[in-house]
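Take a look at the structure set out below.
Just so it is clear, none of the values below were taken in a lab; they were calculated from the coordinates. Just so it is clear, the structure is predicted and the values come from calculations on it, not from any experiment. Note that we place each Cβ from the backbone using ideal geometry, even for glycine, and neighbour counts take in every protein chain shown.
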Amino acid sequence: MADKQVSILKRDGTQSTFYSTYTSAIADAVSDDVIQIWADLTEQITLKNGVDIWIMPGVKIDSGSSSTTIVAPTTGDFNCNIYGQGIIKNESSGNCIFINNVNAKLRIECDYIENVGTSTNVCIEIFNANKFHLFCNRVSSQKGVAIWLGRYNVSTHTLVGFVENVNLNISKVESGISGFGNTVMITDCNGFIKIDEISTLYNRGHCFSHRAGEVIARIKKMTTIMNSPLGGISTVHVSQGTGEQKLILYFDEIINKFGSYNASLCIEHHQGTGIFIGRKVISISNSLPNYIAAIQISQESINVLPNGYLKINEIISTGGVAMYLNDFIEQITIDSNYIECNGAAVINSADTGANYLLKNAKLKNLGTSSDSKGIALDGTSPIITFNNVQIVTTGNLINLVSGSVNIKNYGLYGNKDIDNDHINLLIGDIDNFVFVPSSDLT
């Protein structure tokens, strides 16, 4: 079979003789031909405009070196499809796929894509492209980024790479082995993403970082296990980008849990628009107090402000804070059935204030000391609105360090009274039951 590895299905429907290498076959192929790969290949696959590739199910292609396994022309028109449920790998120190052509249109259907490499290698790197569509079971990078679409230069604050049209449909995306790992997926693109699970086992990066463009994503589950001494790395990250990015994320569960080191943020939102709709967000610590929150929404830099909407059934931090909300001007709505922490404060606004509407939420602090607060306002000029909110805590319902605050209240229930005269509920009072304190609330 050594000399019967590759053939060409000609555009007129005839079958070529067999070639021993892909390189010799692609040299003879012309537009509308299909290269057929019948056996494992160890060579670089250079794509040609208009020539599709079919890989027999179970067949593996691998460059066998530090060279990227699949590459494409960097200029001119380029349109190609790869299909057939094959396996794309790089078991040496290279990428699996690299595309850098603003005109490129590439669609891939395969079994899985996997590289070993180093922490600087990327399994799939689409630096620039017009279209990139991928349908597969798994994308895995042992040490580096698994999927990187587009590129924002954080140092120069410039967008240097972008993918205009993205469609991903993948069962699992992962990065990390003992001692190594990176952000699993970085997106500077427009498009749609459907992934069942993203996980990082040795966390030196995020599960998902969105930095530019508009993306609608349905990602069922994301899991970060904190085994990195770097610490403080969130699972979902909307930051380090243009400041105008937009992410609409539908999910079932986002988990950030301790491994060798303590848990960190599940969602970190510093710029652009973030709309998060899901069932559960949970940060699981192994030691208390741990004041890393499950969700942090805050300003990253001057004139780069976050805005958005959260509809999440449960937000839980087993540490001392569930949510940090700081330094943003546009009102963010938080619609959540249950928000829980164990210690400091369920929601903390600690810098120069925040602007949020808290809706249909029960806030519960499991801490047993008098310092266990419902909402802590340590900054200045927060703009807060309550609509059907319950707060249960051992300490203050609302703790205000200094100054005064006016809260628009359309329904607040607490297990105790508010004991600070500088906290003003602007609508209603105890006589018309807009605020109801009762020790029966648990």
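Using per-residue counts of other Cβ atoms within 10 Å, averaged over each peptide, order 140-148, 392-400 from highest down. Mind dumping the intermediate values first?
On the way: 140-148: 26.1, 392-400: 20.9.
Top of the packing list down: 140-148, 392-400.
A Förster radius of 35 Å combined with the Cβ-Cβ distance from SER439 to ILE329 puts the calculated FRET efficiency at roughly 0.40.
Count charges around LEU357 for me, please; just the other residues with Cβ under 14 Å from its Cβ, Lys/Arg as +1, Asp/Glu as -1. Kindly include the intermediate steps, with their values, before the conclusion.
On the way: positive: LYS311, LYS359, LYS408; negative: GLU330, ASP335.
Charge balance in the 14 Å sphere: +1.
Rank-order 121-128, 191-198 by packing density, defined as the average count of other C-beta atoms within 10 Å over each peptide's residues, highest first. Please list the in-between numbers first.
Values: 121-128: 24.5, 191-198: 20.6.
Result, highest mean Cβ count within 10 Å first: 121-128, 191-198.
Can you tell me which of 56-62, 239-245 comes out highest on packing, and rank the rest after it, using the mean Cβ neighbours within 10 Å? Before the final figure, lay out the partial values.
Values: 56-62: 16.9, 239-245: 19.9.
The densest-packed peptide leads the list: 239-245, 56-62.
Which one is right for this structure if Rg and Dmax of the Cα atoms in Å is calculated from it: (i) 25.8, 90; (ii) 28.3, 92; (iii) 21.5, 67? Entry (i). Direction-averaged projected area, Cα convex hull, segment 30-79: 3.8 nm², rounded to one decimal.
Decide, for segment 1-141, between rounded, prolate and oblate: order the square roots of the alpha carbon gyration tensor eigenvalues as a ≥ b ≥ c, take rounded if a/c falls under 1.5, and otherwise choose prolate if a/b is larger than b/c, else oblate. Here segment 1-141 falls in the oblate category.
What FRET efficiency comes out for the pair LEU366/SER171, r = Cβ-Cβ distance, R0 = 35 Å, nearest 0.05?
Numbers: r = 36 Å, r/R0 = 1.03.
Efficiency at R0 = 35 Å is approximately 0.45.
If each DSSP helix of 4+ residues adds -39,500 (n - 2.57) and the sum is divided by the residues in the chain, what number results at 222 nm, nearest 500 deg cm²/dmol? The helix contribution divided over the chain gives -500 deg cm²/dmol.
If you average the C-alpha positions of segment 372-409 and of segment 154-220 separately, how far apart do those two centres end up, in angstrom? Taking the Cα centre of each part, segment 372-409 and segment 154-220 sit 36 Å apart. Net charge within 11 Å of ILE391 by Cβ-Cβ distance, Lys/Arg positive one each and Asp/Glu negative one each, not counting ILE391 itself? Residues near ILE391 contribute +4 overall.
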